[in-house]
Amino acid sequence: MAIRIIREIGDEILTKKSKEVKEITPRLKELIEDMKETMYDEGGVGIAAPQVGVLKRIVVIDIADEEEEPDLHVFINPVITERSEEEENMKEACLSVPGKCGPVLRPKHVKVEALNEDMEPFEMEADGILARALCHETDHLEGILYTDRLNGPLEDMADEEEEELQRQERQGKKRGKIRKK
Ligand code: NI
């Protein structure tokens, strides 16, 4: 397994439509494992194959918090077959749009059909954040970013700034220790 480089906004590949997966190959299995690892490493709740530069219809989602048990789902060739009329406007972020967030109107409830890692079909119903993640990630397969669907201003991510400050603080402390030696 390996952590792959995340393609960022401005990269043309993020605007392209991904191709259906016809059969699962060792190479695609490796891709899926790498997508999982990259998503966890980056602290994302989801990742789509084009974000790591591969135009295949594969999505990995885990909306569980770090302190919760993992709730990992792989969706191959996902299709959203139902979207509730009831929608919700909530802030989203994306690993491909670092440091930013902005509100997007999404259905509160969706139904998705997809294949699992063994290419077996399954259906899933999802609410709230999982429904939102499915919409966000399947958009990636169409070459659409959440910034194309903004329903309010794009903002700097406050939490990320905070994390960055904490990280710098920790590094500062470490450097302090080294200096003492
Ligand atoms: Ni994204």
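All of the numbers you see were taken from the coordinates with simple rules; none came from a lab. These numbers come from a predicted model, not from an experiment. For neighbour counting, all protein chains shown are included, and Cβ atoms are generated from backbone atoms with ideal geometry for every residue, glycine included.
Each Cα pair under 8 Å and six or more residues apart adds its sequence gap; the mean of these over the residue count of the stretch 26-131 is a relative contact order of 19 percent. Both radii were evaluated on the Cα set of the stretch 6-46; the Rg over Rh quotient, with Rh as the Kirkwood radius, amounts to 1.01. Give K22/K56; K29/K56; K22/K108; K16/K56 a once-over and call out the pairs whose C-alpha atoms are over 21 Å from each other. With Cα atoms farther than 21 Å apart: K22/K108. In terms of other Cβ atoms within 10 Å, I9, I58 run from fewest to most in the order I9, I58. Sorting R83, R57 by the number of Cβ atoms found within 10 Å of their own Cβ, with the fewest placed first, yields R83, R57. Each Lys or Arg adds one and each Asp or Glu subtracts one; over the other residues with Cβ under 10 Å from the Cβ of G143, this totals -2. Helices in the chain, meaning DSSP H runs of at least 4 residues, each add -39500 (n - 2.57). Divided by all residues, the mean residue ellipticity at 222 nm is -10000 deg cm²/dmol.
Here the stretch 12-171 has an Rg and Dmax of 15.7, 48 Å, counting Cα atoms alone. Averaging over all projection directions, the Cα-based convex hull of the stretch 1-91 occupies 7.5 nm² in the image plane. Taking the centroid of alpha carbons for each part, the stretch 58-80 and the stretch 84-118 are 12 Å apart.
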